[in-house]
Ligand code: 4G0
């Protein structure tokens with residue numbers, strides 16, 4: 001998957017390109033990241049990337065011209081490479097569709113995307129109307145920029161690229177892949193501060209372990225995130 005990021009801070013993305021599973025995936029070519037920095041598309045001496053909002057008020061917006069030039073360059077780059085011409089431009093913002101594992105699955109199946117990271121108070125509405133195809137949010141809170149939201153999205157879609165996660169069962173057994181939370185896990189020692197590992201996990205009875213884990217998943221989900229159960233319709237007996 002080719003991921004093109006519009007950002008004033010490409011250095012931030014070393015957090016995913018230099019650490020862990022996402023860095024391995026980048027090395028293996030499962031994801032390819034390209035950056036388009038609006039600052040490189042400025043035309044004034046001071047390389048200005050922010051601008052005042054019409055109507056006044058606190059805060060700044062991203063300057064329109066360098067931002068649009070960067071988005072267009074990303075689109076051109078895609079065309080030149082003959083890759084997916086239909087790469088959607090996705091804007092990370094608190095107003096977007098809230099990302100969940102189903103959304104991650106949708107995004108992970110694409111072969112390219114363009115992610116726009118806003119800074120300050122965001123971007124001019126006309127740039128959204130003209131250049132942005134979809135808006136995504138990683139949760140109902142505000143960040144200082146879209147970069148951490150973009151990295152969150154990239155990390156989540158990367159783990160779904162085939163070969164990115166060592167054991168493919170660990171992806172299919174993730175929380176949310178069946179709409180439920182994960183069961184509790186235990187490792188050594190068998191007794192930790194007087195608490196024992198549940199005996200079924202030491203029994204070697206694989207069917208019993210499977211049943212126990214499903215039951216624990218249901219209990220954990222009902223206790224911590226009951227709304228996930230109603231979403232799945234497991235709370236209603238079907239006749
Ligand atoms: C657009 C995404 C972008 C508008 C980006 C801020 C949170 C998320 C930004 C704003 C972001 C998220 C109106 C403050 C950059 N913060 N929840 N910050 N406003 O995905």
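Just so you know, all these numbers are worked out from the coordinates, no wet-lab data involved. Quick caveat: nothing in here was measured; it's all calculated off a predicted structure. Here the Cβ positions follow ideal geometry from the backbone for every residue, glycine too, while neighbour counts run over all protein chains shown.
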Quiz prompt | Size-normalised alpha-carbon gyration radius of segment 181-239, reference 2.2 N^0.38 Å | solution = 1.38
Quiz item: Where the centroid of each part is defined by its Cα atoms, how far is segment 125-142 from segment 12-87 in Å?
Solution: 14 Å
Quiz item: Semi-axes, largest first, in whole Å: what does sqrt of 5 times each Cα gyration tensor eigenvalue give for segment 54-191?
Solution: 34, 20, 12
Quiz item: Assuming R0 = 30 Å, what is the FRET efficiency of residue 40 and residue 86, from their Cβ-Cβ distance, to the nearest 0.05?
Solution: 0.75
Quiz item: Hey, what's the Kirkwood Rh for segment 111-195 if you take every pair of different alpha carbons, in angstrom?
Solution: 16.6 Å
Practice problem: Sort 223, 42, 22 so the one with the fewest other Cβ atoms within 10 Å of its own Cβ comes first. | Solution: 223, 42, 22
Quiz item: Kirkwood hydrodynamic radius of the chain from all distinct Cα pairs, in Å?
Solution: 20.6 Å
Quiz prompt | For segment 90-142: Kirkwood Rh in Å [reciprocal of mean 1/r, alpha carbons] | solution = 11.8 Å
Quiz item: Stretched out fully, how many nm does the piece from residue 106 to residue 140 gain, at 0.36 nm a residue minus the Cα gap?
Solution: 10.2 nm
Quiz item: Among 229, 154, 209, whose mean-square fluctuation peaks in a Gaussian network model of the chain (Cα, cutoff 10 Å)?
Solution: 209
Exercise. Using just the helices of the chain, give the 222 nm mean residue ellipticity in deg cm²/dmol: DSSP H runs with n ≥ 4 each add -39,500 (n - 2.57), and the total is spread over all residues, rounded to 500.
Key: -10500 deg cm²/dmol
Exercise. Could you please rank 9, 41, 141, 192, placing first whichever residue has the fewest other Cβ atoms within 10 Å of its Cβ?
Key: 141, 192, 9, 41
Quiz prompt | Zone residues, segment 29-64, relative to residue 14, backbone N less than 18 Å from point 7 Å out along Cα-to-Cβ | solution = 33-37
Quiz prompt | Highest-MSF residue in the chain out of 132, 89, 157 [GNM, Cα springs under 10 Å] | solution = 132
Quiz item: Rounded to two decimals, what is Rg over Rh for segment 1-108 when you use alpha-carbon atoms and the Kirkwood radius?
Solution: 1.00
Quiz item: Gaussian network model of the chain, Cα springs within a sub-10 Å range: biggest mean-square fluctuation belongs to which of 115, 148, 214?
Solution: 214
Exercise. Set the Förster radius R0 to 22 Å, insert the Cβ-Cβ distance between residue 199 and residue 172 as r into 1/(1 + (r/R0)^6), and round the FRET efficiency to 0.05.
Key: 0.25
Quiz item: In degrees from 0 to 90, rounded to the nearest 10, what is the angle of the helix 147-158 Cα long axis to the longest principal axis of the chain?
Solution: 50 degrees
Quiz item: When the chain is fully extended, how far beyond the present Cα-Cα distance does residue 24 get from residue 207, taking 0.36 nm per residue of separation?
Solution: 62.4 nm
Quiz prompt | Fewest-first ranking of 206, 182, using other Cβ atoms within 10 Å as the exposure measure | solution = 206, 182
